[in-house]
Amino acid sequence: MKAWSPLLLAGSALAIAFSSSVHNVSAAEAGFIRAQAPGPIHIPLQQHIPPRSDPLPFEYNAAPLRPRARSRTTRKEVVEWANAHRSHLRHKYRLQYRLHDSSTSPIRRDVADTGDASQTTADVRMTNYRHDSSWLARVRIGTPPAWYTVIVDTGSSDCWLSTDHFKVENSTTFVPTPDAVFDVQYGSGNVSGIIGHDIVSMGSGDVLFVSEKQVIAIADKVTSSLKQSPLVSGIMGFAFESLAGVNAPPFWLQANISDRRFAIFLERQLTSLTDVSPEVFAPGGSLTLGGVNSSLFIAGSENPIQVLERSFWLILLDGLSIGNQQVKLGDQRRAAIDTGTTLIGGPDAVIEELYSKIPGAEPMEGAPGYYTYPCSSSSIIEASMAFGGQWYTLPDIDFVGDIASSDLSYCMGAFFGLGSLPDDNLQWIIGGAFLKNTYTIFDADGGDDGKPQVVFASLAPGLNSGTQVTNVTEDVLPASAGRSLSVSGFFVATVAFLAIVLSGFV
């Protein structure tokens, strides 16, 4: 048997979808997740903050806001979650050794298998899962076609489903790959199964992009500690082919999409540290395939940043500050943009310096790399990150990774030490804590000389706004950045309902 290893699945996303704390799905939740199948979508998407007079983009039975019943109720449970989150990410990104430079690797795409490439875009509605922990979308697979719910993950490249959801015998078009298996090890368990290909499509309304022979992995063995929601079927990767454990292009490059761009708006669910919706599922924003949705961002705010290689969506971090205090990055600046990750991971020394600038911050006992800090109502902690010559300031609530004390007096920070090293392929993983504050465009070949690029744009007023954007002055950029920009910023309209307290999922 030929082993396909390691299959790059989503690290923290896998912890979310298949972790040890099993969630019993209510009938209302099941109805909500099924409602995410393609259909008319009303743009712009509206934030789910009841009460409000304007409609949600699709039917949703909104419950009144009330204090959330948190599943991580003790410091011990927070520590366990934090350690699992860090362990999964280290496995996902293979830290400790450097991947080959794939910047010149060709992207293989068999158009003959997918039909004529379409010029149309499709807005795929996403679901916010477990209070801004992860974002899900629906994908159609097999014959007869059936819909599956997957984590949208720009930090991996494979499409992976569990046999609890996808039964190969139920699809007449599934073709297994002879003697091909996969076996993936994680800090809290392992998954293994077979590899094959089938018809896979994603889209909305009358627009479905199709890959007739999309290679997918089917897991028939999943360690019990990695299982969780019966409504999450697996993962859909949106990184480049060089990462694919199944040795095939990902769906977004294999399907009949002529414009090799996709864009993501991660919609918030949470409203505050204590008064949040108890619902596990909520409206989650939009994944636009084949282009962008211009109604979701401010025209002229686009900031293109060249991707370093065709593997992860890897870009350079120009700067980091806490309040008005700069944090030294040195040469540890390579950052992966990852929608499958909840928090923000970086080099231990840089993270230590960041928290040294916060009064009362200290290492979190039992959770290497994590820190706690006083989070009383008088504490306002704002972190800023610079990409492509512009600063992006996160609202202080996005600095909260979790609550670290029962009286809400101490929080765990969203920035944590990943254990990455200068000679690793990357040092930073940028997850939802940052990405909720931007409209993010992933462009396979729209940059200089056809190179890939990530484009950050300011969200349209009324969405998850609250991020201040300013140009980076020359004196704060690393010498290698080669920028010389004057300070001239604009403030995107803020909303009062920003929050990122993570619901427990371990």
For this session: Please list, ordered by first then second residue, the pairs with beta carbon atoms under 8 Å, 6 or more apart or interchain, first in region 229-252 and among the β-branched types (Val, Ile, Thr), second part of a loop (DSSP other than H, G, I, E, B).
Result: 232/18; 235/9; 235/10; 235/156; 235/158; 235/340; 246/7; 246/158
Seminar exercise, completed: Residue hits (region 421-437; closer than 15 Å to residue 343 by Cα and not in a strand (DSSP E or B)) are 427, 431, 432, 433, 434, 435, 436, 437
Seminar exercise, completed: Reported set for region 151-185 where residues are at pLDDT below 95, aliphatic (A, V, I, L, M) and under 16 Å from the mean Cα position of the chain (by Cα) is 151
For this session: Go through region 66-84 residue by residue and tally those that are at pLDDT below 70 and more than 10 Å from residue 403 (Cβ to Cβ).
Result: 6
Exercise. Restricting the search to region 237-256, which residues are at pLDDT 95 or above and among the hydrophobic types (A, V, I, L, M, F, W, C)?
Worked result: 238, 239, 240, 251, 252, 253, 255
Exercise. Does residue 424 satisfy the criteria of being surrounded by fewer than 23 Cβ atoms within 10 Å (Cβ to Cβ), modelled with pLDDT of 90 or more and either assigned by TED's automatic domain parsing to the domain that holds residue 376 or out of contact with any Ser or Thr (no Cβ under 8 Å at 6 or more places or on another chain) (or both)?
Worked result: no
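This table checks each residue for (1) more than 19 Å from residue 86 (Cα to Cα); (2) modelled with pLDDT of 95 or more.
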| residue | (1), (2) |
| --- | --- |
| 264 | yes, yes |
| 304 | yes, yes |
| 335 | no, yes |
| 348 | no, yes |
| 351 | no, yes |
| 360 | yes, no |
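The values are calculated or read from the model by the stated rules, or taken from the named source; none is laboratory data. None of these values were measured; they are calculated from a predicted model. As a convention, Cβ positions derive from the backbone with ideal geometry for all residues, glycine included, and neighbour counts pool all protein chains shown.
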